[in-house]
Amino acid sequence: MHKVALSFNDGRTQFIGVNPNEVLIDAALRHGLTLPVDCREGVCASCKGTCQSGRYDLDYVDEDALSEEDLARGGILACQMRVQSDCTVRFDFDSSLCNSAGPELVDARVTRVEVLSDSTATLHLDAGARAGQLDFLPGQYAHVQVPGTDEWRSYSFACEPNADNQLQLLIRLLPDGVMSNYLRERAQPGDHIQLKAPLGAFYLQQVTRPLIFVAGGTGLAAFLGMLDQMASNPKQMSQPVRLFYGVTKPQDLCELERLKGYEQSVPGFSFHSIVMNPDASWQGATGVVTDLFEESHFNGGEVDAYLCGPPPMVEAVKSWLDARQMENSRIYFEKFSAS
């Protein structure tokens with residue numbers, strides 16, 4: 001059976017199992033998802049989507065439903081698609097049109113709080129009581145309830161999915177944030193914590209071109225999950241991956257040893273870090289993350305660029321690319337603000 005992630009415009013993702021030679025829309029119905037469909041003959045295009053990773057066949061597609069250009073970009077019709085591997089399929093409509101129940105509510109326990117710096121901590125969670133693996137696409141996030149409060153906060157998974165459901169969330173420690181105060185003052189192993197997952201439309205697409213990852217602060221979390229996935233499947237990596245990682249001060253840098261480990265376990269991976277406000281001990285690059293860029297890194301614009309961090313960083317990177325007319329670069333981004 002193949003595992004297929006169905007991603008929707010509202011940031012929700014539903015994982016379904018698809019049997020060999022089963023049509024995607026039939027598999028979705030077995031899982032309680034009523035994807036929009038009218039003709040079921042490959043003509044009306046009401047079940048149109050885009051396959052972002054994986055292999056598949058299409059039984060029949062009318063030329064008015066999907067053009068040759070659509071097909072070249074991975075366009076599919078769910079009523080005609082037969083998957084040949086694990087896949088990710090994106091639909092440009094909300095999951096509410098499919099009677100989707102939305103993200104799953106998951107019960108977990110705190111195993112430890114790992115303080116990485118004076119501004120960053122990793123919250124380690126055990127969701128092993130859940131029956132079966134919690135599936136998500138590396139790069140996606142969870143909505144997490146702060147124990148002892150009615151407040152919820154969102155954090156990217158800093159790990160890949162795993163059979164034991166051992167989860168990691170990379171969290172910025174704010175002077176007076178509700179989650180930050182919990183982690184500093186009250187968190188204990190065994191604390192019950194709830195999360196809703198998976199959420200988000202930021203995740204790794206099928207890798208066919210060199211990759212540029214740009215992380216600002218705890219935006220690094222999304223890339224740790226992606227790199228975990230690459231390290232687990234190194235033979236599937238045929239393109240170089242460069243990570244540019246920018247923080248405000250040297251003490252904000254974290255997971256450097258983990259990143260060095262990926263240089264050994266992920267073929268073609270390298271990373272570069274930069275600090276905006278250095279102190280006397282800092283010997284590395286100084287400035288903003290775009291100061292690390294060289295045009296040679298971008299393969300003449302033929303790259304896939306993934307950006308995750310504060311809005312000013314994301315906009316600065318997009319402006320840098322626009323100024324150099326790298327319109328052939330595909331850009332995927334996730335903006336966030338600390339809370």
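Among 171, 274, a tally of other beta-carbon atoms within 10 Å of each Cβ gives an order, fewest to most, of 274, 171.
Return one quarter of the surface area of the convex hull spanned by the alpha-carbon atoms of the stretch 2-98, equal to its mean projected area, in nm². Could you put the intermediate results ahead of the total?
On the way: hull surface 21.0 nm².
The directionally averaged projection comes out at 5.2 nm².
Using a Gaussian network model of the chain in which every pair of alpha carbons under 10 angstrom is joined by a spring, one finds that among 327, 160, 185 the greatest mean-square fluctuation is at 185. By the rule of a C-alpha distance below 25 Å, with chain neighbours fewer than 8 residues away ignored, the lysines paired with residue 235 are 3, 260.
Straight-distance candidates among the lysines for linking to residue 318, with alpha-carbon spacing under 18 Å and chain neighbours fewer than 8 residues away dropped: 335.
Would you work out which of 71, 84, 61 lies farthest towards the positive end of the dipole of the stretch 31-118? Charges go on Cβ: Lys and Arg +1, Asp and Glu -1. Going by the Cα projections, it comes out as 84.
In this Cβ point-charge picture (+1 for Lys and Arg, -1 for Asp and Glu), the stretch 160-311 has a dipole of about 200 debye about its Cα centre.
Springs between Cα atoms under 10 Å define the GNM used for the chain, and in it the highest mean-square fluctuation of 321, 211, 29 occurs at 29. Against the chain, whose longest principal axis is taken from its Cα atoms, helix 311-323 shows a tilt of about 70°. Here the stretch 104-199 was treated as a single set of alpha-carbon atoms; its pair distances binned every 10 Å from 0 give 17, 55, 26, 2 percent. Rounded to the nearest 20, the Cβ-based charge dipole of the chain about its Cα centre (Lys and Arg +1, Asp and Glu -1) stands at 680 debye.
Normalised by the empirical 2.2 N^0.38 Å for globular proteins, what value does the Cα Rg of the stretch 211-335 take? All intermediate terms of the calculation are to be shown ahead of the outcome.
Values: Rg = 14.0 Å, N = 125, 2.2 N^0.38 = 13.8 Å.
Relative to the 2.2 N^0.38 Å estimate, the stretch 211-335 comes out at 1.02.
Per-peptide packing, taken as the mean over residues of other Cβ atoms within 10 Å, places 52-63, 4-15 in the sequence 4-15, 52-63 from highest down.
How would 113, 266 line up from fewest to most surrounding beta-carbon atoms within 10 angstrom? Don't skip to the end; give the middle numbers.
Working: 113 17, 266 23.
Fewest to most other Cβ atoms nearby, the residues stand as 113, 266.
If the convex hull of the alpha-carbon atoms of the stretch 160-256 is projected onto planes in all directions, what is the mean projected area in square nanometres?
So the Cα hull casts an average projection of 8.3 nm².
Highest mean packing first, where packing is the average number of other Cβ atoms within 10 Å per residue, the peptides 36-44, 162-170 line up as 162-170, 36-44.
Axis of helix 256-265 versus longest Cα principal axis of the chain: the two differ by about 40°, to the nearest ten degrees.
Taking 4.7 Å between C-beta atoms as the pairing limit, the chain has these partnerless cysteines: 47, 51, 79, 87, 98, 159, 254, 308.
For the chain, what does -39500 (n - 2.57) per DSSP helix run (n ≥ 4), summed and divided by total residues, give at 222 nm, in deg cm²/dmol to the nearest 500?
Values: 6 runs with 56 residues, N = 339.
Result for the chain, helices only: -4500 deg cm²/dmol.
Ordering 280, 250, 218 by the projection of their Cα atoms onto the charge dipole of the stretch 211-335, which places +1 on the Cβ of Lys and Arg and -1 on the Cβ of Asp and Glu, puts 218 at the extreme positive end. This model, with +1 at the C-beta of Lys and Arg and -1 at the C-beta of Asp and Glu, gives the stretch 2-98 a dipole about its Cα centre of some 540 debye.
Taken along the Cα-to-beta-carbon direction at a fixed 7 Å, the label points for residue 149 and residue 93 span 3.8 nm. Dipole orientation for the stretch 122-205: of the candidates 161, 188, 139, 139 has the Cα lying most toward the positive pole (charges on Cβ; Lys, Arg +1; Asp, Glu -1).
All of the numbers you see were taken from the coordinates with simple rules; none came from a lab. Keep in mind that what you see is a predicted model, and the values were worked out from it rather than measured. Neighbour counts are summed over all protein chains in view; Cβ atoms, including those assigned to glycine, are modelled from backbone coordinates with ideal geometry.
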